[in-house]
1. If we sort 154-164, 9-19 on the protection proxy, mean other Cβ atoms within 10 Å, highest first, what's the order?
2. List the relative contact order of region 166-367 as a percent without decimals, with contacts defined as Cα pairs under 8 Å and 6+ residues apart.
3. Could you work out the relative contact order of region 1-132, using alpha carbon pairs under 8 angstrom and six or more residues apart, expressed as a whole percent?
4. What are the trypsin sites (Lys or Arg not before Pro) within region 191-243 that DSSP puts in a loop, where the Cβ has at most 16 other Cβ atoms within 10 Å?
5. Roughly how many whole Å is it from the C-alpha centroid of region 75-109 to that of region 186-246?
6. When Lys and Arg each count +1 and Asp and Glu each count -1, what net charge do the other residues less than 15 Å away from residue 282, Cβ to Cβ, add up to?
7. Between the helical axis of 287-299 and the dominant principal axis of the chain, each derived from Cα atoms, what acute angle in degrees is found, rounded to the nearest 10?
8. In percent, what relative contact order does the chain have, based on Cα pairs under 8 Å that are 6 or more apart in sequence?
Amino acid sequence: MTEKLTVELGERSYPIFILPDWDAYAEAIAEHAEITSPPTVICDTNTGQYAGDGGLLIELDAGEKTKSFAQLEKIHEEMALHRIDRGGKIIAVGGGVIGDLAGFAAATYLRGIDFYQVPTTLLAMVDSSVGGKTGINLSAGKNLVGAFWQPKAVFICTEFLKTLPPREFSAGMAEVIKYGMLYDRALFDQLVALEQPLSWDHPELPGVIRRCCEIKAEVVKADEKETATNGGRALLNLGHTFAHAIENVAGYGTYLHGEAVGIGLVMAAELSLKLTAEGRAGFQFTQADVDAARELVARYGLPTSLKDTLDGNPPPKLDIDALMDAMRRDKKVRAGKLRFVAMETLGTAVTVDDVDEALIEKLWQQFS
Ligand SMILES: NC(=O)c1ccc[n+]([C@@H]2O[C@H](COP(=O)([O-])OP(=O)(O)OC[C@H]3O[C@@H](n4cnc5c(N)ncnc54)[C@H](O)[C@@H]3O)[C@@H](O)[C@H]2O)c1
């Protein structure tokens, strides 16, 4: 059954469709994408098979390196060459890389044109296609240039996931688990209770994706541009301060983002336990919660510490000083203080600004 939810952002509100099969997908695009002239379809070499016919097709190399100024320029030049005007529409068919790049191309071409998201990875379905963050990387760091630019609609169809490599599916599951941990204990419990782990054709997957999109929509509605000083959109970064440090020190691409998030989520759980032990007001995180988080992350083949094998290989050895340094450089650092997302209870996250650096160092030791 086709499901629809709405991201409520006043005049920038838009629908997310969750579509059970190809027929429903084709129907939804025909009915709800307001495309009057041939669209510009942006995809990568792995998602070109899903691009459809008609319009201007721009197929880029797969991989994070594509989120660059060079590829942005290529898109703009091709669109200009084909005399795409302000009524032109972009359709992003791909994972987060294509979604972020195509969204930023739409935000900046002729000072902004409409675009649609067709996410084809689990990560893009539950996270990057919703919420309007678009952008590209610099050599100085990831996502350093970009814009908030909301899509006109998001079309999610789980059939795309049939061709997604299992390692990428697992990486997406880290973000799914994240939503349960930060916002929704019932979702977390639902994931724990599943007899068979989620896979592209699992009957519960569409409902789980829907719930993740609902949570993201609620959080984004309350803090669209991440300006809240407490909580807000920053809560979606549960586990990510650790994950970004791991990705940075290991070298981008060594760990998939979701794999680093897997470790980051267990570290955030352990941090929450330590803050509870310190007697922080509101914190009631338990050892059983930490264990449950670790088990769920491990169930999807994700690493839960820096000691775990990575895609069947021995993990890289990461220097703790380098990890601490990388965290200090993270863009979530405000006024020189390390900022973390922790959980008061499993399912309720808060931002904490005054965490002792020594405690974080101890955590890295424990996970190394
Ligand atoms: N905008 C946001 O809010 C937001 C949130 C989270 C992550 N991101 C960004 O998302 C990016 C990561 O996204 P991702 O994990 O989707 O990576 P990705 O787009 O690189 O896709 C992962 C791999 O899967 C391939 N692929 C995609 N769909 C496929 C399919 N259906 N079948 C076969 N192969 C397929 C891709 O070609 C690529 O090789 C990062 O750049 C990150 O910064 C953005």
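1. Sorting 154-164, 9-19 by mean packing, highest first, produces 154-164, 9-19.
2. Details: 288 pairs, mean separation 54.5, N = 202.
Taking the mean separation of contacting Cα pairs over the length of region 166-367, I get 27 percent.
3. Answer for region 1-132 is 19 percent.
4. Those that pass, being in a loop and sparsely packed, are 225.
5. Result: 27 Å between the Cα centres.
6. -3
7. 40
8. Computed over the chain, the figure is 14 percent.
Here, each number is a calculation from the coordinates, and none is a lab measurement. Note that the coordinates shown come from a computational prediction; the quantities given were computed from them, not determined experimentally. As a convention, Cβ positions derive from the backbone with ideal geometry for all residues, glycine included, and neighbour counts pool all protein chains shown.
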